[in-house]
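Here's the structure, in structure tokens; my notes come after.
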Amino acid sequence: MKRRVAVLGATGIVGQRFVQLLAEHPWFDLELLMASERSAGKRYAEAVHWVLEKPMPRIAYELQLHPIDIEMLSKEKIDIVFTALPADVARDLEPQIARKGIVVVSNASSMRLEPDIPLLNPEVNADHVEVLEAQKRVRGWSGVIAKVPNCTTAILTLTLKPLVDEFGIRRVVVSTMQALSGAGLTGVPSMFILDNLIPYIEGEEEKVENESKKILGSVKSGRIEFNNNVEVTASCHRVMVLDGHTEAVFVELNRKASVDEVAKALEEFKGNKIRGLDLPTAPSKPVVVRKEVDRPQPRLDRMEGNGMSVVVGRIREDKVLNGVKYVVVGNNTIRGAAGNGVLIAELLVRKGYA
Ligand SMILES: NC(=O)c1ccc[n+]([C@@H]2O[C@H](COP(=O)([O-])OP(=O)(O)OC[C@H]3O[C@@H](n4cnc5c(N)ncnc54)[C@H](OP(=O)(O)O)[C@@H]3O)[C@@H](O)[C@H]2O)c1
């Protein structure tokens, strides 16, 4: 039976990706779109400033945009709500939706670090869904909330997980070059970014440093314990690229490994945590390794695996950290946001939560 789904924040960059990915999804029927009062009452095609590379799906054209309305979600028997709202709007709203018995898959940063809220990058930590039982019991919700990690962190942790499993990791240094779409539809004025680079993204470094430890953590007694054996430090920068975050990563390993061993571990990472579940949005290779000296590049590599794979290149020995260094590119609005959200919803369906 197909699940009835809604997108909240449907007119923004992440909302548009959700609409694109859900329009023809085999398990989900896109029933309701909601956004701010500015858009409410208009047809989707009329209200949205569509910016994605492919045309707007036909099914979305005539859908009407509603203001956020929790009663309407219940009345329309929505099973899953995908939220792409600013964090300050999501903070109070999402628990109210979960209380109504609806599954919430959220991109907003609110509640991401709470120990009973799974922060899912399914190939890395699908087992964290376990905490949902405790979440429902302790909070008294009949629905649940699952969070999509910060975009930079989702891309980074897909590459860290195989290294943690094979060699162990002590310290990670990451310097990012992040795409404009990561700042939202009206995020960075052209006068600020053309011919320029902005060496500051509010709150981003803390998100990468804290969320990575949670995603690489483990479940104990209904709570997620952060992996404090791994130290992460980040410097985040906005660059003049439309889509696709690039990250230069430096890793101190617990045991010495050659460049070939590291490449093999990354290339052979299958995302065992979701193997056999047959999730439609899961890429066949979550991490793709390229050998060319000048790859990965955002324009060439951001659509690998339909935007769900990350691409790693320039793997080299790091003599200072006694480990390795490499460059990774990932699609921030797909693997880092809506695509990961849809994959999480598929996981929740398979696990019986949706
Ligand atoms: N962009 C990315 O790569 C990315 C990656 C990971 C996570 N995120 C997170 O995902 C969320 C959405 O990001 P975005 O980049 O899509 O932002 P965006 O382009 O600015 O879109 C924001 C959306 O929220 C709606 N909205 C704003 N204020 C509202 C209000 N008071 N009530 C109801 N709806 C409201 C907007 O509707 P109107 O059009 O009607 O104003 C729009 O649909 C944010 O929390 C962001 O941090 C973004």
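The values are calculated or read from the model by the stated rules, or taken from the named source; none is laboratory data. Nothing here was measured: the structure is a model prediction, and the numbers come from that model. All Cβ positions, glycine included, derive from the backbone under ideal geometry; neighbour counts span all protein chains shown. Please note that ligands, DNA and RNA were not included when accessible areas were found on the heavy atoms of the full protein model with its side chains. Shrake-Rupley method; radii C 1.70, N 1.55, O 1.52, S 1.80 Å.
For this structure, a couple of remarks:
- When the pairs LYS2/LYS136; LYS161/LYS351; LYS147/LYS319; LYS75/LYS273; LYS207/LYS319; LYS100/LYS147 are compared against a 29 Å limit on Cα-Cα distance, LYS147/LYS319; LYS75/LYS273 fall above it.
- Cα convex hull of the chain - mean projected area over all directions, nm²: 17.0
- Distance between modelled label sites at LYS42 and SER221, nm, 7 Å Cα→Cβ extension: 5.2
- What the pair-distance distribution of region 30-187 shows, using all Cα-Cα distances binned every 10 Å from zero, is 9, 31, 34, 21, 5, 0 percent.
- Computed per residue of the chain from DSSP H runs no shorter than four, each worth -39500 (n - 2.57), the mean residue ellipticity at 222 nm is -8000 deg cm²/dmol.
- Cα-based Kirkwood hydrodynamic radius, region 174-300, one decimal, Å: 17.5
- Residue-normalised accessible area of the chain, given per residue in Å² at a 1.4 Å probe: 43
- Spin-label model, MET72 to GLU202: label points 7 Å out along the Cα-to-beta-carbon direction sit 2.8 nm apart.
- ³J(HN,Hα) computed for each position of region 44-53 - Karplus, 6.51 cos²θ - 1.76 cosθ + 1.60, integer Hz, glycine/proline x: 4, 4, 7, 8, 8, 9, 5, 10, 7, 5
- Each peptide among 291-300, 170-179, 11-20 gets the average number of other Cβ atoms lying within 10 Å of its residues, and from highest to lowest they stand as 11-20, 170-179, 291-300.
- To put it simply, the accessible area of region 151-332 at a 1.4 Å probe is 49 percent carbon and sulfur.
- Remark: relative contact order (region 8-104) = 31 percent; criterion is Cα-Cα distance under 8 angstrom and separation of 6 or more residues.
- Ellipsoid semi-axes for region 13-110, based on the Cα gyration tensor and the rule √(5λ), read 21, 15, 14 Å when sorted largest first.
- Membrane-span-like helices in the chain (whole DSSP H runs, Cα extent of at least 15 Å along the helix axis, mean Kyte-Doolittle hydropathy of at least 0.5): 151-166, 339-350.
- Linear extension gain, LYS100 paired with ASP294, 0.36 nm per residue minus alpha-carbon span: 64.8 nm
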